Amino acid sequence: MDKSETENWRLYLIIAVTALVFSGLFFRDVWTPDEPRVAAIIHSMFVSGDFIIPRFGGIAFVEKPPLFFIFAAVLMHLTGLNEVMAGHLALAILCIGSLLVTYRLAWLVKGENFAWISVSILATFEGFILNFHWLRVDAALMFTTIAAIWAFAEAYLLFKPRYLLVAGMMTGLAFLSKGPIAIILCIGLAWCPLILRHYSLSRNNPQNVISVPTNIIYHILGIGVMCLVIAAWVYPFYQQASPELWHQWFWENQIGRFTGASTGGLGHDHSGKPFYYVKGLIEYTLPWTILFVGWFYFLAKAFHARQVNWFDGFLLFWFCMAIFILSYSATKRSMYLAPLMPLFALMAADAVSKIQGRWFIWYRRGWLAIFILFLGAFIVTPFWSHLLPAEKIPERLMQWLTSWHGTTLVAALGIMLMLVTERMRWPAWTKLSVITAIFFASTLTHLFPAINVTKDMRQGLSEFVEQIPSDMREKTAGIRFSETMSSIFYLFEDWPVPIIEKERAAKILAGEDDEYLYLLMERGNSYAEPVDYIGLPSDTDIKVLIKGHPRGNKGGDAIFLLVGEHSMINTP
């Protein structure tokens with residue numbers, strides 16, 4: 001293949017991936033279930049300056065350490081962006097950082113071409129795209145864990161012990177991203193084969209051997225750096241938090257989530273399901289799934305031919321132990337695979353470097369056809385949306401589907417660029433990467449506005465709150481509020497609604513409370529009457545003053561402003 005015709009693929013790959021990273025991130029609001037809470041915590045940190053205990057609407061949130069929230073709050077100060085835009089900018093920065101670090105790690109183990117293959121696959125994994133376009137702390141977790149592994153690789157494979165200090169810092173930051181699971185699941189598992197490789201290289205290359213005292217000193221310093229980074233948050237948190245809050249963070253959210261003791265109410269307890277992650281692995285590795293699975297085929301061939309190398313063992317050990325730990329844990333969610341995405345990319349890239357024959361060409365063209373059909377169908381929604389059951393689709397979404405939009409041109413351009421890419425004389429894996437990046441970038445740009453219409457809660461909440469006079473708000477408490485509802489009241493309306501228990505709710509509705517006269521109640525996924533939903537006696541006399549539907553896409557969900565019949569004399 002003529003070099004002049006192929007050398008420009010790197011530039012086009014970088015452009016396509018960059019477009020994908022930023023597509024759909026901005027000019028949209030927060031979406032349920034996680035984003036309202038994350039944005040509310042960022043806003044609270046920005047306003048209060050309290051970087052120790054994450055809060056939203058006055059409610060402490062210690063399910064996860066504060067690194068991502070702090071990073072986004074600092075970006076708010078530096079850029080002047082609001083909490084949503086700053087949070088999405090944080091996602092983009094961490095995404096690019098993860099790609100760069102993965103590139104360097106892959107380059108260290110198998111060279112430049114392998115590094116390009118690895119980073120192009122990682123950037124176009126469906127799971128990678130999903131997790132870096134959703135406002136969650138897992139973005140910080142992925143970056144810090146792969147950065148720590150890269151630093152260990154620099155130290156052990158190139159005999160640069162000073163990188164152990166970087167590894168210690170990144171390991172500490174990984175802990176501050178999501179707790180000790182970051183060290184257990186990713187960093188520790190990758191560290192074991194890397195240090196074994198280091199000792200193997202030391203025996204074969206005695207001229208590069210680092211003296212034992214120097215090695216020990218750098219390891220001690222690295223551990224010290226890690227401990228200092230962790231202690232920078234854990235110690236002040238321990239000092240400021242109540243014993244109950246400390247117990248909630250450590251025992252319930254770190255230990256309890258592993259055993260399943262604290263997740264029954266969250267719906268994440270999947271004890272006794274050892275194959276839970278099979279579906280997630282298939283989904284997260286699309287459209288490269290066949291190559292990810294194919295890596296095990298090539299590994300089996302290498303075992304049979306007795307040609308297994310250390311890198312095969314590195315990937316196999318890390319993968320098997322990580323999946324075992326995730327599967328053993330009672331708490332299971334597909335998103336827990338996020339920090340392992342660089343590992344999956346290395347596995348798929350290793351398979352790409354070994355494939356032979358023309359089958360991959362037809363595999364790529366098959367995906368190209370799927371992408372074109374999918375994107376083409378959504379370009380022409382005004383032609384077929386009338387066939388949908390309008391009574392089951394939110395009105396605002398139906399309006400979007402039946403209208404033409406400027407983003408339609410972007411989607412159409414995306415189809416044209418995918419077809420042009422298929423005709424380029426580039427490496428086969430490059431074309432699949434660029435085609436996939438163009439597809440997702442076009443899809444996110446065109447369809448995210450529709451998702452925003454469906455998931456946005458700002459308009460519905462604003463319409464509800466506008467009906468409540470300001471003097472009534474001071475006399476109103478909330479009950480059965482989800483974290484999402486508390487978050488959007490605080491984020492959108494600057495109203496930190498105080499949350500109470502059922503016993504006090506009964507007193508408020510009976511007119512016997514000295515502080516509150518009104519009650520806000522969220523009803524989720526139910527059509528039960530407010531009295532029954534709260535769990536009060538059936539003879540409790542109440543009046544519904546206002547009813548709203550912030551979650552416009554869920555008819556059973558509603559929010560009520562209630563007052564007891566005995567308190568009617570005090571209402572406006």
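Given the convex hull of the Cα atoms of segment 58-108, what is a quarter of its surface area in nm²?
Values: hull surface 19.2 nm².
With the hull built on Cα positions only, its mean projection is 4.8 nm².
Positive end of the dipole of segment 360-455 (Cβ unit charges, origin at the Cα centre): among Ser442, Thr402, His386, the Cα lying farthest that way belongs to Ser442.
Would you work out the Kirkwood radius for the chain? I mean one over the mean of 1/r across all pairs of different Cα atoms, in Å. Present the calculation step by step, with values, prior to reporting the outcome.
Working: mean 1/r = 0.0381 Å⁻¹.
After inverting the mean inverse Cα-Cα distance, the result is 26.3 Å.
Magnitude of the Cβ-charge dipole of segment 458-567, K/R +1 and D/E -1, about the Cα centre, nearest 20 debye?
Details: 12 positive and 20 negative charges, 86 e Å.
In total the dipole reaches around 420 debye.
The HN-Hα couplings worked out from phi for segment 497-509 by the Karplus form 6.51 cos²θ - 1.76 cosθ + 1.60 (θ = phi - 60°) are 5, x, 9, 10, 9, 4, 4, 6, 4, 4, 5, 4, 5 Hz, whole numbers, x standing for Gly and Pro. In segment 458-567, the alpha-carbon atoms span a convex hull of 90 Å³ per residue.
Just the accessible area per residue of segment 458-567, please: how many Å² with a 1.4 Å probe? Write out the running numbers ahead of the final one.
Working: 5220 Å² over 110 residues.
Computed with neighbouring chains in place, this is 47 Å² per residue.
For segment 447-454, 3J(HN,Hα) computed residue by residue from phi via the Karplus equation (6.51, -1.76, 1.60; θ = phi - 60°) reads 9, 4, x, 5, 5, 4, 4, 6 Hz, glycine and proline entered as x. Only beta bridges with both residues in segment 458-567 are counted; by DSSP, about 70 percent of them are antiparallel. Considering only alpha-carbon pairs that sit under 8 angstrom and 6 or more positions apart, the relative contact order computed for the chain is 16 percent.
Projected label points at Arg358 and Tyr527, each 7 Å from Cα along the beta carbon direction, are separated by 5.9 nanometres.
Evaluating 6.51 cos²θ - 1.76 cosθ + 1.60 at θ = phi - 60° for every residue in segment 285-300, the Karplus couplings come out as 9, 4, x, 9, 4, 5, 7, 4, 5, x, 4, 5, 5, 5, 5, 4 Hz, glycine and proline recorded as x.
In square nanometres and to one decimal, what's the mean projected area of the convex hull around the Cα atoms of segment 20-352? Could you put the intermediate results ahead of the total?
Details: hull surface 71.7 nm².
Mean projected area for segment 20-352: 17.9 nm², to one decimal.
Need one word for segment 469-515: rounded, prolate or oblate. Basis is the Cα gyration tensor (sqrt eigenvalues a ≥ b ≥ c); a/c below 1.5 gives rounded, then a/b vs b/c decides.
Numbers: a/c = 3.51, a/b = 1.47, b/c = 2.39.
Oblate is the answer for segment 469-515, as a/c is 1.5 or above yet b/c matches or exceeds a/b.
Using a 1.4 Å probe over the heavy atoms of the protein chains, calculate the carbon and sulfur portion of the accessible area of the chain as a whole percent.
Exposed carbon and sulfur together represent 63 percent of the surface.
About the Cα centre of the chain, how large is the charge dipole given +1 on each Lys and Arg Cβ and -1 on each Asp and Glu Cβ? Please answer in debye to the nearest 20. Walk me through the intermediate numbers first.
On the way: 43 positive and 43 negative charges, 600 e Å.
About 2880 debye.
Selection among Tyr518, Trp495, Ala505 by position relative to the dipole of segment 458-567 gives Trp495 as farthest towards the positive end (Cβ unit charges, Cα centre). A cut-off of 5 Å between modelled amide H atoms, ignoring neighbours fewer than 5 places along the same chain, links Leu286 with Glu126, Gly127.
Beta-bridge orientation, the chain: approximately 75 percent antiparallel, per DSSP, counting only bridges with both partners inside. Remark: segment 20-352 carries 39 Å² of accessible area per residue (probe radius 1.4 Å; ligands, DNA and RNA excluded). The H on the amide N of Ile499, modeled in the peptide plane, is under 5 Å from the matching H of Gly478, each at least 5 residues off or on a different chain.
The values are calculated or read from the model by the stated rules, or taken from the named source; none is laboratory data. Keep in mind the model is a prediction, meaning the values are calculated, not measured. In this analysis, Cβ positions are derived from the backbone assuming ideal geometry, glycine residues included, and neighbour counts consider all displayed protein chains. Surface areas here come from the heavy atoms of the whole protein model, side chains and all, with no ligands, DNA or RNA. Shrake-Rupley method; radii C 1.70, N 1.55, O 1.52, S 1.80 Å.
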